[in-house]
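Since the structure comes first, as structure tokens, the remarks are kept for the end.
Nothing in this text is a laboratory measurement; each read-out follows from the coordinates by a stated rule. The structure presented is a predicted model; accordingly, all values stated were derived computationally and were not measured. Because the Cβ atoms are built from the backbone with ideal geometry, glycine has one as well, and the counts that use them run over all protein chains shown.
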Amino acid sequence: MPLEIVRNDITKMDVDAIVNAANSELHMGGGVCGAIFRAAGALELQEACNEIGHCEVGESVWTDGFQLQAKTIIHTVGPIWRGGSHDEEKLLHSCYVHSLETATSLNCESIAFPLISSGVYGYPKEQALQVAISAIHEFLMDHEMLVYLVVFDKQSFGFSEKLFNSIHQY
Ligand code: AR6
């Protein structure tokens, strides 16, 4: 199956590209963003991000992976959860599609995503997981890529097991 859900630290993933849950200013932040900056080399990565300058919510930009195993970092900006009626789902879906299209244009054969928006940005984890899975599945209908969805915290992993069990029981 070309989509795998794994529990890991995304900075350890041996893939062509990893995705960062970034902010629009492309500044080093906390959460997965902080971990990626630290592992890649914060100064160099921030310099590369500064050259790009900005990324819209639901879109993506890319930089070198610097000291990561992954040769590319795709930075995407998820929506901040504001109750669910402010296009959050559409924008989150777009983050995955945009990042996968960027990876395709860079000839990546493998990519790892964190659960975008599900931390500091407050998107409910179970719903964030469903949006991620459906966007990735849609993309894989007509593209070849090995896609990992990396869940980090125990709660997200629990939801992913539940969701996969319910898929299997269908
Ligand atoms: N590997 C994989 N997943 C991780 C890791 C890791 N090392 N560390 C945390 N997570 P968040 P957001 C999970 O807050 O909600 C930043 O400051 C975490 O458990 O990193 O999109 C940015 O600069 C959660 O499920 O991203 C932005 O300002 C998921 O990653 C803002 O936060 C996403 O949590 C973006 O917020």
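Which value in nm describes the separation of the simple spin-label points at residue 14 and residue 50, placed 7 Å from the Cα toward the beta carbon?
The two pseudo-label positions are separated by 3.5 nm.
Of all alpha-carbon pairs in the stretch 1-90, indicate the percentage at a distance above 20 angstrom. Write down the numbers at each step before the final one.
On the way: 1437 of 4005 pairs.
Summing the P(r) tail past 20 Å for the stretch 1-90 gives 36 percent.
Rg(Cα) of the stretch 32-84 divided by 2.2 N^0.38 Å? Walk me through the numbers on the way to the answer.
Values: Rg = 12.1 Å, N = 53, 2.2 N^0.38 = 9.9 Å.
Cα-based Rg divided by the globular estimate yields 1.21.
Would you mind checking the pairs 71/125; 90/162; 90/125 and listing those with alpha carbons more than 20 angstrom apart?
Violating the 20 Å Cα-Cα cut-off are 71/125; 90/162.
Excluding residue 163 itself, calculate the net charge of residues whose Cβ lies under 12 Å from the Cβ of residue 163, where each Lys or Arg counts +1 and each Asp or Glu counts -1.
Result for the neighbourhood of residue 163: 0.
Taking amide H atoms as placed 1.01 Å from N in the peptide plane, list the residues 5 or more away in sequence, or in a different chain, whose amide H sits under 5 Å from that of residue 64.
Under 5 Å from the amide H of residue 64 lie the amide H atoms of 73, each far enough along the sequence or on another chain.
What is the distance, in nm, between label points placed 7 Å from the Cα along the Cα-to-Cβ direction at residue 7 and at residue 130?
It is 2.3 nm.
Mind giving me the nanometre distance, one decimal, between the label points for residue 97 and residue 38, set 7 Å out from Cα along Cα→Cβ?
3.5
For the chain, what proportion of DSSP beta bridges, expressed in % and rounded to the nearest 5, is antiparallel?
20
Most fluctuating residue of 42, 112, 22 in a GNM of the chain with Cα springs under 10 Å: which is it?
42
Assigning unit charges at the beta carbon (Lys, Arg +1; Asp, Glu -1) and nothing else, what dipole magnitude in debye, to the nearest 20, does the chain show about its Cα centre?
With only Lys, Arg, Asp and Glu charged at Cβ, the dipole is about 600 debye.
If you take every residue apart from residue 78 with its C-beta less than 13 Å away from the C-beta of residue 78, what net charge results, scoring Lys and Arg +1 and Asp and Glu -1?
Neighbour charge sum, excluding residue 78 itself: -2.
In Å and whole numbers, how far do the C-alpha atoms of the chain stretch along each principal axis, longest first?
Cα spread of the chain along its principal axes, largest to smallest: 48, 34, 29 Å.
What is the sum of charges around residue 130, taking Lys and Arg as +1, Asp and Glu as -1, for the other residues whose C-beta is under 13 Å from the C-beta of residue 130? Please list the in-between numbers first.
Numbers: positive: 125, 162; negative: 88, 89, 126, 138.
So the surrounding residues net to -2.
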